[in-house]
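This report concerns only the one structure given below.
The values are calculated or read from the model by the stated rules, or taken from the named source; none is laboratory data. The shown structure was predicted, so the numbers you read here are calculated from the model rather than taken from an experiment. Neighbour counts run over all protein chains shown; Cβ positions are idealised from the backbone, glycine included.
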Amino acid sequence: MTSWSDLRSMNIEELTEILTANGEKRFRAGQIFSWLHRKLIVSPEEMTNVPAACLDRLLAEHPLYGVTEVERYTSRIDGTCKYLFSLHDGNMIESVMMPYKHGNSVCISSQAGCRMGCRFCASTLAGLSRNLYPSEMLDQIYAVSRLSGVRVSHVVVMGTGEPFDNFEALARMISILSGPEGLNISRRNITVSTCGLVPRMYEFADLFPQVTLAVSLHAPDDRLRRTLMPVANLYPMKELMEAAGYYVHKTGRRITFEYSLIEGVNDSLDCAAGLAALVGGMNCHINLIPVNPVKERGYRSSESRTVKEFRRYLEQRKIQVTVRREMGRDIQAACGQLRRSHIERSGS
Ligand code: SAH
């Protein structure tokens with residue numbers, strides 16, 4: 001059972017059921033769904049071809065939730081645009097729009113806060129406030145599209161939160177986003193990043209074989225990974241790599257491993273050797289991310305020479321590797337920092 005029944009979280013089948021139970025014609029469901037997920041309306045009054053009585057009755061039990069812009073920062077360096085949004089209950093989340101040559105990519109949050117506790121991450125400092133509804137994940141994409149006036153072609157679920165800790169809502173969001181009655185964004189253009197909730201990785205590979213999976217690794221072995229990511233105590237590396245292998249085997253697609261480089265912690269050539277041995281032979285791609293310093297955490301980003309050497313070591317062993325381009329550094333576009341600074345400013 002799902003715990004959301006707000007208007008924009010419902011799929012077309014549920015909407016049809018509710019409307020016909022209210023004595024409405026079936027076509028109303030398609031009409032309303034299209035206003036919500038194609039025309040991307042903000043307020044119910046915009047549904048001009050739907051009778052007020054029909055809408056009033058629907059909204060009485062199924063409110064229209066979404067996100068409201070609170071702050072916006074545009075990077076002068078690369079055009080990255082970061083939004084701080086508020087939710088109907090006052091929670092704050094953030095989303096980022098990144099313009100690339102191949103299209104516009106939106107990075108969305110899946111939870112308000114996070115309970116995974118990764119040591120280098122700002123999003124988890126105040127713990128988990130609550131899960132986002134499918135509507136709130138979708139409306140981040142819709143709002144960015146409305147507010148920036150661009151067509152969104154790619155979506156990455158890499159903002160605040162652990163998407164696999166909010167699995168049902170994530171699954172609903174992907175279905176609506178990639179559905180023909182919605183924005184119809186190709187599942188191949190959607191990426192979900194997880195810290196490695198192993199049972200959900202299997203489920204995800206079965207349900208969404210076309211969606212790209214990224215796994216946050218950040219260490220080559222259990223001993224080091226446990227010092228950085230508490231989730232490693234729950235799922236040892238061996239199980240994590242088996243689940244990654246399952247995804248690759250099941251989907252025939254390349255998996256991404258994220259590896260944030262922290263000075264003096266996980267950036268030695270020994271670590272690179274361990275990483276190469278760990279992933280060697282798997283159809284994968286390693287995304288190196290020089291860690292974004294978070295002031296509460298005390299970690300520093302690896303020197304660019306160290307990053308280069310780490311990268312070269314992997315490349316020489318025929319492992320596909322990229323270094324994540326640092327986007328929007330001038331606007332705190334990294335990982336929960338804007339939401340965090342807002343929480344601090346408002347004194348909560
Ligand atoms: N919970 C998911 C997705 C959100 S974080 C996950 O863990 O994958 C997206 C990526 O940013 C993850 O790889 C995460 O480990 C990384 N990350 C978090 N804080 C960071 C920081 N300060 N610097 C660099 N990468 C960071």
Exercise. Note down all Cβ pairs under 7 Å where the first residue falls in the stretch 165-191 and is within 14 Å of the ligand (Cβ to nearest atom), the second is of a type in the set (Gly, Ala, Ser), and they're at least six residues apart or on different chains.
Key: ASN166/SER110; LEU170/SER110; ILE190/SER178; THR191/ALA214
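Yes/no per residue for (1) under 21 Å from VAL152 (Cβ atoms); (2) over 20 Å from the mean Cα position of the chain (by Cα):
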{"site": "ALA53", "(1), (2)": "no, yes"}
{"site": "ASP56", "(1), (2)": "no, yes"}
{"site": "GLU69", "(1), (2)": "yes, no"}
{"site": "ASN91", "(1), (2)": "no, no"}
{"site": "ASN104", "(1), (2)": "yes, no"}
{"site": "MET116", "(1), (2)": "no, no"}
Quiz item: Does the stretch 170-197 hold any residues that are assigned to a helix (DSSP H, G or I) and surrounded by fewer than 22 Cβ atoms within 10 Å (Cβ to Cβ), and which are they?
Solution: ALA171, ARG172, SER175, SER178, ARG187, ARG188, ASN189
Exercise. Could you check how many residues of the stretch 198-230 are away from the ligand (no atom under 15 Å from the Cβ), in contact with a Lys or Arg (Cβ under 6 Å, 6 or more places away or on another chain) and either in a helix (DSSP H, G or I) or aromatic (Phe, Trp, Tyr) (or both)?
Key: 1
Exercise. Filter the stretch 96-116 down to the residues that are surrounded by fewer than 24 Cβ atoms within 10 Å (Cβ to Cβ) and of a type in the set (S, T, N, Q), then identify the one that is nearest to the ligand (Cβ to nearest atom).
Key: SER105
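Residue by residue, here is whether (1) closer than 25 Å to ALA219 by Cα; (2) among the hydroxyl-bearing types (Ser, Thr, Tyr); (3) outside the structural domain of LEU234 (by TED's automatic domain parsing) holds:
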| site | (1), (2), (3) |
| --- | --- |
| LEU128 | yes, no, no |
| VAL150 | no, no, no |
| GLU162 | yes, no, no |
| ALA171 | no, no, no |
| PRO180 | no, no, no |
| SER186 | no, yes, no |
| CYS195 | yes, no, no |
Practice problem: Might you let me know whether the stretch 291-313 holds any residue that is within 23 Å of the chain's Cα centre (by Cα) and under 30 Å from PRO209 (Cα atoms)? | Solution: yes
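Which residue out of GLU258, GLU239, GLU296, GLU263 is in the same structural domain as ASN189 (by TED's automatic domain parsing) and more than 13 Å from the ligand (Cβ to nearest atom)? Lay out the reasoning, then the answer.
Details: GLU258 fails: more than 13 Å from the ligand (Cβ to nearest atom); GLU296 fails: more than 13 Å from the ligand (Cβ to nearest atom); GLU263 fails: more than 13 Å from the ligand (Cβ to nearest atom).
None of the other options fit; the residue is GLU239.
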Exercise. Answer yes if at least one residue in the stretch 42-56 is in contact (Cβ under 8 Å) with a residue 24 or more places away in the chain and surrounded by fewer than 13 Cβ atoms within 10 Å (Cβ to Cβ), and no otherwise.
Key: no
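Residue by residue through the stretch 292-321, note down the ones that are of a type in the set (S, T, N, Q) and either modelled with pLDDT of 95 or more or crowded, with 20+ Cβ neighbours inside 10 Å (or both). Outline the logic, then answer.
Residues of the stretch 292-321 that are of a type in the set (S, T, N, Q), as a first pass: 292, 301-302, 304, 306, 316, 320.
Once the filter is applied, which keeps residues that are of a type in the set (S, T, N, Q) and either modelled with pLDDT of 95 or more or crowded, with 20+ Cβ neighbours inside 10 Å (or both), the stretch 292-321 yields ASN292, SER302, THR306, GLN316, GLN320.
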Quiz item: Only one of (1) among the basic types (Lys, Arg); (2) without any contact (Cβ under 8 Å) to a residue 24 or more places away in the chain; (3) near the ligand (Cβ under 10 Å from one of its atoms) fails for ARG119. Which number is that?
Solution: (2)
Quiz item: Inside the stretch 57-74, can you point out the residues that are buried (at least 18 other Cβ atoms within 10 Å of the Cβ) and not aromatic (Phe, Trp, Tyr)?
Solution: LEU58, HIS62, LEU64, GLY66, VAL67
Quiz item: Does the stretch 254-291 hold any residues that are crowded, with 18+ Cβ neighbours inside 10 Å, part of a loop (DSSP other than H, G, I, E, B) and without any contact (Cβ under 8 Å) to a residue 60 or more places away in the chain, and which are they?
Solution: VAL265, ASN266, ASP267
Exercise. Determine which single condition ILE93 fails, assuming it passes every other condition in (1) within 13 Å of the ligand (Cβ to nearest atom); (2) more than 21 Å from VAL42 (Cβ to Cβ).
Key: (2)
Practice problem: Would you be able to say whether some residue in the stretch 142-150 is within 13 Å of the ligand (Cβ to nearest atom) and buried (at least 23 other Cβ atoms within 10 Å of the Cβ)? | Solution: no
Exercise. Find all pairs meeting these conditions: Cβ atoms under 9 angstrom apart; at least six residues apart or on different chains; first residue within the stretch 292-303 and within 10 Å of ALA122 (Cα to Cα); second residue near the ligand (Cβ under 7 Å from one of its atoms) and outside any loop (DSSP other than H, G, I, E, B).
Key: ASN292/SER260
